[in-house]
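Here is the structure we will look at.
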Amino acid sequence: MADENGIGRSESRLASMDSVESRWVFQDDDDDEDDSLMDDDDDEHSRLRRGGGLDSEEEDEEDTAEQRLIRTGPRIDSFDVEALEIPSAHRNDYFYEELGVGRRIILAFQTLGVVFGDVGTSPLYTFHVMFNKAPVNGEEDVIGALSLVLYTLILIPLVKYVLVVLWANDDGEGGTFALYSLICRHAKVNLLPNQLPSDARISSFRLKVPSAELERSLKIKERLETSPHLKRMLLMLVLAGTSMLIADGVVTPAMSVMSAVGGLKVGVASIKQEQVVMISVAFLVILFSVQKFGTSKVGLAVGPALFIWFCSLAAIGIYNLVKYDSSVLRAFNPVHIYYFFKRNSTKGWRALGGCLLCATGSEAMFADLCYFSVRSVQLTFVFLVLPCLLLGYLGQAAYLMEHYSDDLAEHAFYSSVPSGFFWPVFLVANLAALIASRAMTTATFSCIKQSTALGCFPRLKIIHTSRKFMGQIYIPVINWFLLVVCLVLVCSISSITEIGNAYGIAELGVMMTTTILVTIVMLLIWQINIIIVLSFLVIFLGIELVFFSSVLGGVGDGSWIILVFAVVMFFVMLVWNYGSKLKYETEVKKKLSMDLVRELGPNLGTIRAPGIGLIYNELVKGIPAIFGHFLTTLPAIHSMIIFVCIKYVPVPVVPQGERFLFRRVCPKSYHIFRCIARYGYKDVRKENHQAFEQLLIESLEKFIRREAQERSLESDGDDDTDYDDDYSSTRVLIAPNGSVYSLGVPLLGEYKDTSKSISEASTSEEAKIGYPSDSASDAEQSLERELSFIHKAKESGVVYLLGHGDIRARKDSWFIKKLVINYFYAFLRKNCRRGTANLSVPHSHLMQVGMTYMV
């Protein structure tokens, strides 16, 4: 009771602080409340000090007790001292709020050039594909087709994406893997078993509160975490959606450029389809060649061009409405959709594949969200993009009411342009088509970077094209690969209708994946009413399935090429994820026993040479087997060993002050530490090896000082009885900025009267602990000796010891497993970038050892 009252008093003093963030955690009913507030590292250090060198990273036993929810604040971890010195993670939305008027206008132009290019060029080809599948037989067919297009635009881009899906972003990141990352952060569904409890304490993690009243979300979470089949199904769904998004990055440039250049056949009667294809190929080569200049530069350059394009759409639409037939406004009555299907039946159903093309680019809005704020995308779409698109389609329909021959219907847009403005509009349309192609290519880059960080895509060279916006990237290999496949598609399928069918398949695959993932987000994270969730799922997934049934009917016409490409990309991601998971699990099984390390003694059975050895590995716990290989292969080992694990966590950004997580791996005399360097999937790793070493050593020194400070405040009571309770209830931390923090209470906050708090804490500690002065002096000397040891080791040099672990299938394995592991995964691993490629380490500081595991 005394401990509980102490915690209650501390909570009341700290609850008023703005910096306090509440969250919900799981706790065993039988556990003591104070013990739950201690960090995992603190528990490990206390066991180390009590047990005389016990392993501080031994695996915890499975927790089978019942769980309940208690309210706590951020728990202390070894990196939290550094985290206290910084405000929080940098968020894009806050940055945009501080922009001036001029910068906001520039940003609006960039938004047009990057996000809305794809959906903005849909009037070029939507009616073309629709009326090719369902020829116009009268005015009612035009009204019915227009009604389909209007309500598709309203339901999918506006209602689904702008009003709902954009809010499911992951701290400003959009796309399939951003949704998967968001789900992984709230439920342990990632198949790679490298999660740590401390990951949830990153300030940018920000878990939502699973309310006790809504037990549905907790049941879903438990079901997802305990079912391996559901985890695999979720991963398969994400990989399928991502492969379709990459395929979308191939077909979007082909469709946009071909349809724009196809206008030449209207302006110049002698132009043939073969010449249109050749010009399109030239445009595509130019398009992919300028990708390397980045989103900011290109977006600002083409933003005004796209603004002119939208204004042209609106102006042409208004002109045609006034000149030809304003009665097309009847299309806002949805009953005309029923009449359209009643007259055309099967042909009308096939025309749905063309109607969907008006909503292409909706997924690009979400995937490209990382470049801009949600609010800016929403406002731009509602007040500029959507009205211009609606006027553009209304104008084409008004023109077709008087000119509904098959030839004019196939080129409805260019035919409806006034003759005096044809060539200026043609020029702007081609610029807009090139911009639209960039929108989806940029989205593909973002999605691949996210999937790479989450272990689902081979590591590739990523170039960051902007110093201000860390999310703007360029991936050379993917860029040229997309160009090659795009050229193959254009040269083999020269028909706009067939390319449009392939476009619909890729777009719908991504849309259906997004619908399912957002539904999980609604249930697990948003925790909204089940009726709303089911309505969203049934309405939008039902609409998309109907569209999908329409485009699948045309697979045999040539759009199968894009399906084959998507299957290949799915296979690559699946093989990489399977091999990475198998490799990690094998390294966990093969890790060295702590008993063996303790038997070797502080010298580890060899000579300890001055210096620091950074051993890179992927394990977040335990001593990797590659370390034993170093001990038996090298004549000496460094006096200080730090196991470094570069780990990506499912958050966009990890603040620099929370980058490193340190732990002692062995007793103090061994001088062995573990460092987990954590990065978000949006983080930029551009530091050189000197900067990385300096930051790492500084963080290690802070960790050691904090450990010594905690030890000086511990009670000298009976270790076998109430050691943990005393330890957890009396720890006080004085941060580098002078603020006082109690480590035994759940909420961290700054005391209002710092000097009074320090004196009170010191008085109470002196009364309770009663350390003799010589003990304090010995502790200080021990701290200084260890810090001096680190400085001398640093002066002697830092060596990077890289252990490359490869896997091979056992001889008795199945043939398929041998094929996947020994050939496909080995090929991908051989040709991808190494995990430490971003650290420009000179060869004189580098030592590599390979090791092969049989799986």
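The values are calculated or read from the model by the stated rules, or taken from the named source; none is laboratory data. Model, not experiment: these values are computed from the prediction. Neighbour counts are summed over all protein chains in view; Cβ atoms, including those assigned to glycine, are modelled from backbone coordinates with ideal geometry. Please note that ligands, DNA and RNA were not included when accessible areas were found on the heavy atoms of the full protein model with its side chains. Shrake-Rupley method; radii C 1.70, N 1.55, O 1.52, S 1.80 Å.
The table for this structure:
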quantity: From G553, G542, residue being modelled with pLDDT under 85 and open to solvent by less than 70 Å² (accessible area, probe 1.4 Å); calculated: G553
quantity: The one condition in (1) modelled with pLDDT of 80 or more; (2) out of contact with any Phe, Trp or Tyr (no Cβ under 8 Å at 6 or more places or on another chain) that A429 fails to fulfil; calculated: (2)
quantity: Single residue of segment 372-383 satisfying the filter (open to solvent by 20 Å² or more (accessible area, probe 1.4 Å) and in contact (Cβ under 8 Å) with a residue 24 or more places away in the chain) that is nearest to G117 (Cα to Cα); calculated: T380
quantity: Filter result for R343 (in a helix (DSSP H, G or I), open to solvent by 30 Å² or more (accessible area, probe 1.4 Å), charged (D, E, K, R) and in contact with a Phe, Trp or Tyr (Cβ under 9 Å, 6 or more places away or on another chain)); calculated: no
quantity: Checking S147 against (1) assigned to a loop (DSSP other than H, G, I, E, B); (2) at pLDDT 80 or above, the condition it does not meet; calculated: (1)
quantity: Wholly within segment 521-597, helices (runs of 4 or more DSSP H) carrying at least 1 residues that are over 25 Å from A178 (Cα atoms) and of a type in the set (K, R); calculated: 560-589
quantity: Residue tally, condition open to solvent by 30 Å² or more (accessible area, probe 1.4 Å), under 25 Å from T633 (Cα atoms) and either within 29 Å of the chain's Cα centre (by Cα) or not assigned by the TED database to the domain that holds P624 (or both), over segment 806-825; calculated: 1
quantity: Flag for R350 being of a type in the set (K, R), touching a helix residue (DSSP H, G or I) at 6+ places or on another chain (Cβ under 8 Å) and surrounded by fewer than 18 Cβ atoms within 10 Å (Cβ to Cβ); calculated: no
quantity: Which listed residue is over 26 Å from the mean Cα position of the chain (by Cα), crowded, with 22+ Cβ neighbours inside 10 Å and either aliphatic (A, V, I, L, M) or at pLDDT 85 or above (or both), from L386, L356, L390, L369; calculated: L356
quantity: Qualifying residue in segment 213-224 (condition: farther than 28 Å from A178 by Cβ and surrounded by 22 or more Cβ atoms within 10 Å (Cβ to Cβ)); calculated: no
quantity: Single residue of segment 229-274 satisfying the filter (in a helix (DSSP H, G or I) and among the basic types (K, R)) that is least open to solvent (accessible area, probe 1.4 Å); calculated: K231
quantity: Matching residues in segment 627-658 - criterion: being modelled with pLDDT of 85 or more and in contact with a helix residue (DSSP H, G or I) (Cβ under 9 Å, 6 or more places away or on another chain); calculated: F627, G628, L631, I637, H638, S639, M640, I641, I642, F643, V644
quantity: Selection count where residues are more than 23 Å from L661 (Cβ to Cβ), open to solvent by less than 30 Å² (accessible area, probe 1.4 Å) and part of a strand (DSSP E or B), scope segment 612-640; calculated: 1
quantity: Filtered residues of segment 776-805 (kept if among the hydroxyl-bearing types (S, T, Y) and open to solvent by 10 Å² or more (accessible area, probe 1.4 Å)); calculated: S777, S782, S788, S796
quantity: Among the candidates A314, A331, residue that is modelled with pLDDT of 90 or more, part of a helix (DSSP H, G or I), open to solvent by 10 Å² or more (accessible area, probe 1.4 Å) and assigned by the TED database to the domain that holds L394; calculated: A314
quantity: Residue list for segment 483-515, filter: of a type in the set (A, V, I, L, M, F, W, C) and under 21 Å from E410 (Cβ atoms); calculated: L489, V490, I493, I496, I499, A502
